[in-house]
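The values are calculated or read from the model by the stated rules, or taken from the named source; none is laboratory data. Please read these numbers as outputs of a predicted model, since none were measured by experiment. Backbone-built Cβ (ideal geometry, glycine too); neighbour counts: all protein chains shown. Note: areas computed on protein heavy atoms with side chains; ligands, DNA, RNA excluded. Shrake-Rupley method; radii C 1.70, N 1.55, O 1.52, S 1.80 Å.
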Amino acid sequence: MVVWLSSRTKYCHFPIKIKIFIVMAVICSSSCYTLCIVLLIVHYCSGLHLKGSWKSSEFFLFLAKFGFQQTNMEDKTNTQGYIYGNITSSDNVTTGLTFVVVDSEYFLQYYGNRSTIPRSKACPAMFYKIEQIAWDSECNPPPAGREDFLRSIPCPKGKLCKDEDSPKWVIEGYQFTYRVQDTTQPRFWYISLTSCFRYGNTSGPESCTWSHNPDESIILDYDIWLVNGHPQMKHINPFEHQFSFDHHDILEMYLIFFAAYLFLVPIQIYALTRQKHMLPFLLTLCMAMEYVGVIFNLIHVFKFAFDGEGVDLLKVVGNFIDNVAQCIFMLLLLLIVKGWTITRMEIGTRSRIILFTLWGTYTIGNMALFIWNLMEIDNISDIGEWQTWPGWLILVFRIAIMIWFLFELRETVVLERSKDKTRFYLHFGAGYLVWFVYLPIIAVICTQISSLWRYKTLISVTYSADFISYCVLVHLFWPSRSGLYFNLQTETRIQLDDLEYTGTLSDSDSSLDLHDTTAMLAKGRAKTSKVLKNGHTYMALPKSDSSAVGFNRQGD
């Protein structure tokens with residue numbers, strides 16, 4: 001596709017009907033795919049599902065970080081967290097390994113000492129703080145050992161783990177079960193495997209000490225579930241039971257925006273069928289891409305709600321499409337503020353170079369940040385993508401583009417002579433200045449918000465701001481209204497009363513015709529050229545031919 005910044009050129013090699021077909025095909029196919037996925041999901045499992053194998057020679061494996069909700073003691077069984085599963089091995093085991101489940105208070109020191117060399121010193125350092133409070137039937141019984149943090153693994157096949165001293169508390173069909181209770185607040189818990197083992201309580205110097213056996217190299221097979229609420233009561237809240245607390249309500253958010261865009265996008269597609277111009281097409285493309293991004297994320301979280309795994313590829317692709325849509329939307333705003341098809345019909349070469357250089361740099365930076373976020377951000381830390389140095393750099397550049405946006409707005413307002421269009425620029429600039437600045441503001445605010453609430457706060461604000469921005473432009477680009485400000489080619493025949501109501505025509509204006517001037521001359525009708533308040537050219541017809549009113553296709 002080739003795009004030119006001139007209102008008198010052919011903006012795309014594709015006809016408008018082809019463009020509309022492309023947009024509708026993307027939307028319809030994505031919507032149908034969503035419904036098919038929903039109908040085909042028949043597994044009814046729950047929670048974050050971890051399944052795989054691990055070689056003990058790798059010494060340490062971090063499995064997951066999971067947010068458990070606050071426990072309500074009046075309904076403890078259905079509100080506490082559960083970690084349950086199987087960990088076995090087909091190899092001969094001599095000293096054993098350890099499965100560790102701790103919260104952030106104990107995890108940071110444990111995790112920070114994992115790289116200590118030699119490994120025989122790493123194990124005592126890792127468990128120095130944990131062993132003081134972790135329950136152990138031989139080395140740290142109650143009351144000192146009051147927290148159930150550790151399991152000796154692998155467990156015997158077909159039997160419970162040896163640390164499970166209360167079989168009735170173990171979820172049926174599994175070898176171990178943790179019950180996570182926190183009556184104060186929601187909290188993140190960290191799950192990991194390590195090649196450390198603990199000597200039993202003997203009379204020797206190694207009694208109850210932690211060590212590592214470098215000669216033991218076995219393969220563990222693990223199958224672990226993490227859920228909020230009892231697994232047998234998952235039907236009480238199926239859309240939160242299986243998610244980490246920081247992702248509670250995410251599924252509902254995507255459903256809301258799925259429904260909102262399902263209503264808004266067809267309206268804009270209808271408007272696009274009545275106009276021939278790149279600006280409405282860019283708006284429709286942005287909305288379609290945003291909608292597809294929502295659909296892909298909805299499929300992922302919906303599937304995750306049923307099998308604990310989801311479709312990570314769809315999540316990544318959906319977020320990428322959403323990023324691209326926001327970048328294209330920024331280009332659309334910059335074109336409008338430059339006065340393209342409002343004040344000027346063409347953008348000069350120098351202005352065009354500056355515009356696309358700034359926008360292209362920001363877009364490339366955004367995509368680089370997206371890739372960097374996938375590869376570099378540590379899931380263990382509480383740092384989000386906008387709290388890293390690449391994130392802050394992109395936000396600073398976004399603010400720089402916002403300042404340039406204001407500068408261009410001032411230049412365009414000075415150039416514009418129509419009071420109505422000047423008023424439009426002022427309202428447009430004030431409104432979409434908020435769109436530019438909301439992301440840096442929310443990023444700063446999120447630094448003071450707990451990571452348990454940060455992600456859903458950012459998602460809800462971002463999608464809401466984008467949706468409201470799209471709604472405003474849909475209103476401005478509506479065929480019966482766009483002629484007030486934009487020199488857009490339209491095929492819509494507009495009733496005279498509509499233009500009198502909006503103030504475009506005065507009572508003395510009789511009847512106008514939208515059809516091309518050349519065609520009118522061919523019919524030999526008498527015409528009088530008239531320029532109305534918004535700068536468009538119209539042809540006044542005799543009183544006897546006053547059936548309709550329309551815009552001249554050339555727009556000036």
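Odds and ends about this structure:
Okay, residues lined up against (1) open to solvent by 70 Å² or more (accessible area, probe 1.4 Å); (2) more than 32 Å from the chain's Cα centre (by Cα); (3) modelled with pLDDT of 90 or more:
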{"position": "ASP420", "(1), (2), (3)": "no, yes, no"}
{"position": "PHE424", "(1), (2), (3)": "no, no, no"}
{"position": "TRP435", "(1), (2), (3)": "no, no, yes"}
{"position": "SER469", "(1), (2), (3)": "no, no, yes"}
{"position": "VAL474", "(1), (2), (3)": "no, no, yes"}
{"position": "PHE477", "(1), (2), (3)": "no, no, no"}
{"position": "THR490", "(1), (2), (3)": "no, yes, no"}
{"position": "ASP497", "(1), (2), (3)": "yes, yes, no"}
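- Some residue of segment 370-378 being at pLDDT 90 or above, over 21 Å from ASP249 (Cα atoms) and under 18 Å from the mean Cα position of the chain (by Cα): no
- Tally of residues being part of a loop (DSSP other than H, G, I, E, B) and open to solvent by 30 Å² or more (accessible area, probe 1.4 Å) across segment 124-138: 5
- Cβ pairs under 9 Å, 6+ apart, first in segment 273-297 and under 17 Å from ILE336 (Cα atoms) and of a type in the set (Ser, Thr, Tyr), second open to solvent by 10 Å² or more (accessible area, probe 1.4 Å) and part of a helix (DSSP H, G or I): THR284/LYS19; THR284/ILE20; THR284/ILE269
- With a requirement of 3 or more residues that are modelled with pLDDT under 50, the helices (runs of 4 or more DSSP H) lying completely within segment 7-119 that satisfy it span 16-40.
- Exactly one residue out of PHE428, PHE356 is part of a helix (DSSP H, G or I) and open to solvent by 20 Å² or more (accessible area, probe 1.4 Å): that is PHE356.
- Within segment 360-395, tally of residues that are closer than 19 Å to ARG454 by Cβ and either hydroxyl-bearing (Ser, Thr, Tyr) or open to solvent by 80 Å² or more (accessible area, probe 1.4 Å) (or both): 8
- Only residues that are touching a Ser or Thr at 6+ places or on another chain (Cβ under 8 Å) and either of a type in the set (D, E, K, R) or free of Cβ contacts under 8 Å to residues at least 12 places away in the same chain (or both) were counted in segment 298-338, giving 1.
- Residues of segment 220-253 that are part of a helix (DSSP H, G or I) and either closer than 23 Å to THR462 by Cα or at pLDDT 90 or above (or both): PHE245, ASP246, HIS247, ILE250, LEU251, GLU252, MET253.
- Taking the criterion of being more than 43 Å from the chain's Cα centre (by Cα) and either surrounded by 15 or more Cβ atoms within 10 Å (Cβ to Cβ) or under 21 Å from LYS121 (Cβ atoms) (or both), the residues of segment 163-201 that qualify are ARG198, TYR199, GLY200.
- Residue match in segment 254-262 (condition: touching a residue at least 40 places away in the same chain (Cβ under 8 Å), assigned to a helix (DSSP H, G or I), surrounded by fewer than 19 Cβ atoms within 10 Å (Cβ to Cβ) and more than 15 Å from the chain's Cα centre (by Cα)): yes
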